[in-house]
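The values are calculated or read from the model by the stated rules, or taken from the named source; none is laboratory data. Only a predicted model underlies this, so the values are computations on that prediction, with no experimental measurement involved. With ideal geometry, Cβ positions are generated from the backbone for all residues, glycine too; neighbour counts draw on all protein chains shown.
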Amino acid sequence: MTMSGWLRLEALGLNENGARLLNPVNLTLTAGRTAILGANGAGKSTLLRLLHGLLRPSEGRLIWPTPLSQGMVFQRPAMLRATVLANVEYGLKIRGVESAERRRRAAAALAQVGLGDFAKRPARRLSGGEQQHVALARVWALEPQVLFLDEPTASLDPASSREVERIIGDIAAAGARIVMSSHNLGQARRLAEEVIFIDHGAVLEQTPAAEFFKQPGSEAARRFLRDEMP
Ligand SMILES: Nc1ncnc2c1ncn2[C@@H]1O[C@H](COP(=O)(O)OP(=O)(O)OP(=O)(O)O)[C@@H](O)[C@H]1O
Ligand SMILES: [Mg+2]
């Protein structure tokens, strides 16, 4: 990773339907594991979608100093009407990975998320938590260099959440840079090196995680932490 970071945002902003969804922001991402925190409607999903290239900024630009392969996991992952294995193989298939290699990588990814025995099951019949695991296997099989995760444990019980956290930790340990939004402060504390705090479409701070949780730099973040703490 270079001093200049692996991703830079230069005055990146977004307006849609006359609404300011993201105030123009300059950011340099250097950390391996970043959490995007903020209240409901703050703009976390919007920012992730911009970073992943799903939304086109209305101003400014994203700079990838070195092109990196990326994957994204959504809060409510969509499953194809097919088996679990086919769901995991699909991304490899559209990237032209040949079938034996595809099968091998998909099976390995399923094993890594603990779904080795689910390969033949219809994906849409899996529980929400199980589908979230499939979504992680799907993206893991692609071996992305950057992984964007939008509230990957939002509807999961504590045990499944910890399991998903473990998988995210493994993906990070395998070398992927992780950028995730979360409403779970414990999770952000456990996983993130750095926090980007966003409030009403404005990025208010980018702070090392330990510092953020001890003493956030903005009044809005102090309020947010106070409200979120049990
Ligand atoms: N096309 C649009 N036009 C107007 N407003 C929009 C549009 N798209 C999103 N918004 C608004 O932008 C705000 C930010 O939405 P976003 O989904 O990024 O929030 P979030 O931080 O991810 O919230 P949550 O924690 O609930 O997931 C919301 O108030 C949303 O309604
Ligand atoms: Mg969101």
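Quick notes on this structure:
- Of note, Ala35 satisfies the criterion of being touching a residue at least 40 places away in the same chain (Cβ under 8 Å), in a strand (DSSP E or B), within 15 Å of ligand 2 (Cβ to nearest atom) and small (Gly, Ala, Ser).
- Residue in segment 6-18 that is surrounded by fewer than 17 Cβ atoms within 10 Å (Cβ to Cβ), out of contact with any Phe, Trp or Tyr (no Cβ under 6 Å at 6 or more places or on another chain) and without any contact (Cβ under 8 Å) to a residue 12 or more places away in the chain present: yes
- Meets criteria (within 16 Å of ligand 2 (Cβ to nearest atom) and of a type in the set (Val, Ile, Thr)) for Val73: yes
- Residue that is surrounded by the most Cβ atoms within 10 Å (Cβ to Cβ) [pool: residues in segment 21-40 that are near ligand 1 (Cβ under 9 Å from one of its atoms) and more than 17 Å from the chain's Cα centre (by Cα)]: Leu22
- One residue from Glu228, Glu194, Glu205, Glu211 being out of contact with any Asp or Glu (no Cβ under 9 Å at 6 or more places or on another chain), within 16 Å of ligand 1 (Cβ to nearest atom) and at pLDDT 95 or above: Glu205
- Filtered residues of segment 1-32 (kept if of a type in the set (A, V, I, L, M) and more than 16 Å from ligand 2 (Cβ to nearest atom)): Met1, Met3, Leu7, Leu9, Ala11, Leu12, Val25, Leu27, Leu29, Ala31
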